[in-house]
Amino acid sequence: MFKIDNNETITAIATPPGIGAIAILRISGTLSFKIIDLIFKPIDKPLTLKSRRIYLGYIYSQKTLIDKVLINIFKSPNSYTGEDIIEISCHGSIYIQNKILELIINNGARLASRGEFTFRAFKNGKLDLYQVESLLDLFNSDNELDHNLALNNLRGEVSRIIKNLRKKILNLNTIIEFGLEFSDEYLNPNKLLGFNNFLVNIRNKLQDLINSFKLGILLKEGIAIAIIGKPNVGKSTLFNLLLKSDRSIVSNKSGTTINYIEENLYIDGIKYRLIDNAGLKKKTLKKLELKGIKKTIENIKQAEIIMYLTNKINPKYLQIQRYYKDLFKKEIIFILNKCDLLKTKIKRQSSPILISAKYGIGINYLLNQIKSLSEIFRNNNNKPIITNVRHYEELKQALLKLNKIQEKIQIGIEPEILSLLLKEANYSLDKIIGTITNEEILVNIFDSFCIGK
Ligand SMILES: Nc1nc2c(ncn2[C@@H]2O[C@H](COP(=O)(O)OP(=O)(O)OP(=O)(O)O)[C@@H](O)[C@H]2O)c(=O)[nH]1
Ligand SMILES: [Mg+2]
């Protein structure tokens, strides 16, 4: 990790390592213009390099031509870091990239550490810590919903809510501190009860954000679908079919899958965690099988959707369906597999769904069922959603403090204690947006970035 207080000019290759059509190098800091002046000769020499303009020209090392490039100018404060930034788009050979990097360093910049450009953006007030972490989420997002969430958060929606709540708490505390300083009368019990009403609204907003975490984490990590059923019904065959790979071992022997297997699956921009489980048996004396079944039960508990597979027409299927629904309170898709072997013709119906995992029959129907069950997990009204455990924990801390106020205010609270609890609530909110930070948190966050970002 870089030193937090330094003003050196930094540089890095911002594009991924390796050969590409083009590569981009970045320089940020007070020496950016001086350095570019020493190594770059524009084709049409302008009097001065203007901000947010692109110039075509040549990079030279002394008198040796290195490459024909485009440079992008961003003058402070209107840049990503808030400092003078120059981006050089060169041809993407490894030699050219390294040569230009070396030239920039030889002329006064130093190689940036991981996340150092973004750290400067944070330091210069371009992004708050919540947005920085959303940026990380954006880089790591691998599906449409997760991407939309990260983008919304980067645009500052949740940050704005938190800043607003923080300001309200601060204003209230200013009134209380005024009372403490100048007038005992002013902070009478009735007045304090009035404050409590004011806090209800803040508490509700905090609670909404805290509640959103469950959905946030689900969209980020994937909706868990557990494939369960008796041994040999074709669970692993279906698992492989949905993943379009031979990930799980299939055999005609009962009890092939001993331990569960989990893989990511994407359907229409939604991420799922598909889990193939060991077959469920009523009785077994084998230790390994027992362990497998135990894990299956755990997976059922943590899944959002259960696909219950059978390969026989079971008149009791409605009872089984109800049993799982009542016991685990989960969405169940009941599936009759191996329909290719059915002697009697059965009408296609919504439950049980007829499929043949081996021959790919009825799969679109199954996918549609999964999609329609997932509708409840979509963030249709674009509510603010948090996805980060750190934010979740701090929000819970803030709410805890406000709840304490609510409890105590009813039985009479000292204004000093009230003020202290408000400060503690705001301390947690400050930590989320980064108004208050400690080095450990910063190192943790910025070290997760790559060099050049
Ligand atoms: N005819 C037919 N055979 C199938 C179908 N699906 C699976 N099978 C066969 O059924 C046998 C068992 O399939 P698996 O996918 O291993 O079953 P499983 O439920 O994972 O079994 P365990 O892991 O032992 O619990 C294999 O021989 C598959 O080829 C199907 O749709 N039609
Ligand atoms: Mg299996």
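The values are calculated or read from the model by the stated rules, or taken from the named source; none is laboratory data. This structure is a prediction, so every number in the text was calculated from the model and none was measured. So basically every Cβ, Gly included, is an ideal-geometry build from the backbone, and we count neighbours across all protein chains shown.
Here the range 210-232 is the region considered, the condition is being surrounded by fewer than 20 Cβ atoms within 10 Å (Cβ to Cβ) and of a type in the set (D, E, K, R), and the residue that is farthest from ligand 2 (Cβ to nearest atom) is K214. The residue that is farthest from ligand 1 (Cβ to nearest atom), counting only those in the range 202-243 that are in contact with a Ser or Thr (Cβ under 9 Å, 6 or more places away or on another chain) and basic (K, R), is K220.
Please work out which residue is farthest from ligand 2 (Cβ to nearest atom), limiting yourself to the range 258-279 and to residues that are in contact with a strand residue (DSSP E or B) (Cβ under 6 Å, 6 or more places away or on another chain) and in a loop (DSSP other than H, G, I, E, B). It comes out as Y260. In the range 299-315, is there at least one residue being within 20 Å of E262 (Cβ to Cβ), surrounded by 13 or more Cβ atoms within 10 Å (Cβ to Cβ), small (G, A, S) and assigned by TED's automatic domain parsing to the domain that holds K235? Yes: one or more hits. K408 - would you say it is exposed (fewer than 12 other Cβ atoms within 10 Å of the Cβ) and free of Cβ contacts under 8 Å to residues at least 24 places away in the same chain? No: the conditions fail for K408.
The residue that is farthest from N140 (Cα to Cα), among those in the range 359-376 that are surrounded by 16 or more Cβ atoms within 10 Å (Cβ to Cβ) and in contact (Cβ under 8 Å) with a residue 60 or more places away in the chain, is I363. When you scan the range 196-216, do you find a residue that is touching a Gly at 6+ places or on another chain (Cβ under 9 Å) and in the same structural domain as Q410 (by TED's automatic domain parsing), even just one? Looking for residues that are touching a Gly at 6+ places or on another chain (Cβ under 9 Å) and in the same structural domain as Q410 (by TED's automatic domain parsing), one finds none in the range 196-216, hence no. If you check I39, I22, I59 for being touching a residue at least 12 places away in the same chain (Cβ under 8 Å), farther than 25 Å from N124 by Cα, surrounded by fewer than 15 Cβ atoms within 10 Å (Cβ to Cβ) and among the hydrophobic types (A, V, I, L, M, F, W, C), only one passes: I22. Residue pairs whose Cβ atoms lie under 8 Å apart, separated by 6 or more positions or on different chains, with the first residue in the range 233-245 and more than 9 Å from ligand 2 (Cβ to nearest atom) and the second assigned to a helix (DSSP H, G or I), are L241/I363; L242/I363.
When the range 175-187 is filtered for residues that are at pLDDT below 80 and surrounded by 13 or more Cβ atoms within 10 Å (Cβ to Cβ), the ones remaining, listed by number, are Y186, L187.
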